[in-house]
1. State yes or no: is residue 10 modelled with pLDDT under 90, assigned to a loop (DSSP other than H, G, I, E, B), of a type outside the set (A, V, I, L, M, F, W, C) and in contact with a strand residue (DSSP E or B) (Cβ under 7 Å, 6 or more places away or on another chain)?
2. For segment 80-103, does any single residue satisfy the condition of being of a type in the set (Phe, Trp, Tyr), out of contact with any Ser or Thr (no Cβ under 7 Å at 6 or more places or on another chain) and either crowded, with 16+ Cβ neighbours inside 10 Å or under 11 Å from residue 17 (Cβ atoms) (or both)?
3. Please determine, by comparing only the residues of segment 71-110 that are in contact with a Pro (Cβ under 6 Å, 6 or more places away or on another chain) and either among the polar types (S, T, N, Q) or closer than 14 Å to residue 28 by Cα (or both), which one is modelled with the lowest pLDDT.
4. Counting only residues that are at pLDDT 80 or above and crowded, with 17+ Cβ neighbours inside 10 Å, which one in segment 43-58 is nearest to residue 76 (Cα to Cα)?
5. Could you list, in sequence order, the residues of segment 27-41 that are surrounded by fewer than 18 Cβ atoms within 10 Å (Cβ to Cβ) and touching a strand residue (DSSP E or B) at 6+ places or on another chain (Cβ under 6 Å)?
6. Does any residue in segment 72-97 that is closer than 23 Å to residue 56 by Cα and in contact (Cβ under 8 Å) with a residue 60 or more places away in the chain come within less than 7 Å, Cβ to Cβ, of a residue that is surrounded by 18 or more Cβ atoms within 10 Å (Cβ to Cβ) and small (Gly, Ala, Ser) six or more places away or on a different chain, and which pairs are these?
Amino acid sequence: MPSQITPCNRPVERLNLPADFYVSDEGLLLIVDVPGATETDIDISFKQGRLRVESPGRRSTKDGRLLRVFRVPDGYETSDIRATISAGTLRLEIPRKEAFKKVRIPVQAA
C-alpha cells in the first residue's frame, strides 16, 4: 500500500471492505470491492480529511453494513471526487490539486 494514503479502520464492530490503492501524478485511485451493491446502496461521504465508504454486507455484522474509512492527505481535490460502480467494483478517483501536480521543467542549452 502506498505511504501517501493510510486506511483508517473504525468502528471495529463492522467488517472492512477490501480495497486497492493506486497513486499517480494525476491523483489517487481507490478500487473497493462491494459485491452485490448498486449505486443506490453505497454511501460515500468526506469530512475532515476522511473518505468514508459504506455498503450493505452479505457477511454477518452487527448492523449488516460494511465500512471502510480512508485518510486522504493534503494536496488532493476532495471537492472533485468521482465515484463509479460496475459489477461489484467501486472506483473512487481523487485528482491532485494543480499546485501539487508534478511539472516537468525543460532544460535548454545556453
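The values are calculated or read from the model by the stated rules, or taken from the named source; none is laboratory data. All values derive from a computational prediction rather than experimental measurement. FYI the Cβ positions are ideal-geometry reconstructions off the backbone, even for glycines, and counts take in every protein chain you see.
1. Values: modelled with pLDDT under 90: yes; assigned to a loop (DSSP other than H, G, I, E, B): yes; of a type outside the set (A, V, I, L, M, F, W, C): yes; in contact with a strand residue (DSSP E or B) (Cβ under 7 Å, 6 or more places away or on another chain): yes.
When the stated conditions are applied, residue 10 passes them.
2. Filtering segment 80-103 for residues of a type in the set (Phe, Trp, Tyr) gives 100.
Narrowing further to those that are out of contact with any Ser or Thr (no Cβ under 7 Å at 6 or more places or on another chain): 100.
When the remaining residues are screened for being either crowded, with 16+ Cβ neighbours inside 10 Å or under 11 Å from residue 17 (Cβ atoms) (or both), the result is none.
No.
3. Taking segment 71-110 and keeping what is in contact with a Pro (Cβ under 6 Å, 6 or more places away or on another chain), we get 77, 80, 88.
Next, from what is left, pick out any that are either among the polar types (S, T, N, Q) or closer than 14 Å to residue 28 by Cα (or both): 77, 80.
Working: 77: 90, 80: 93.
Here the answer is 77.
4. Our first condition is that a residue be at pLDDT 80 or above; within segment 43-58, this holds for 43-55.
Next cut, crowded, with 17+ Cβ neighbours inside 10 Å only: 51, 53-55.
On the way: 51: 12, 53: 18, 54: 21, 55: 24 Å.
Per the stated criteria, the residue is 51.
5. First pass over segment 27-41, keeping only residues surrounded by fewer than 18 Cβ atoms within 10 Å (Cβ to Cβ): 29, 31, 33, 35-36, 38-41.
Passing the criteria: 29, 31, 39, 41.
6. Partner pairs satisfying both residue conditions: 93/27.
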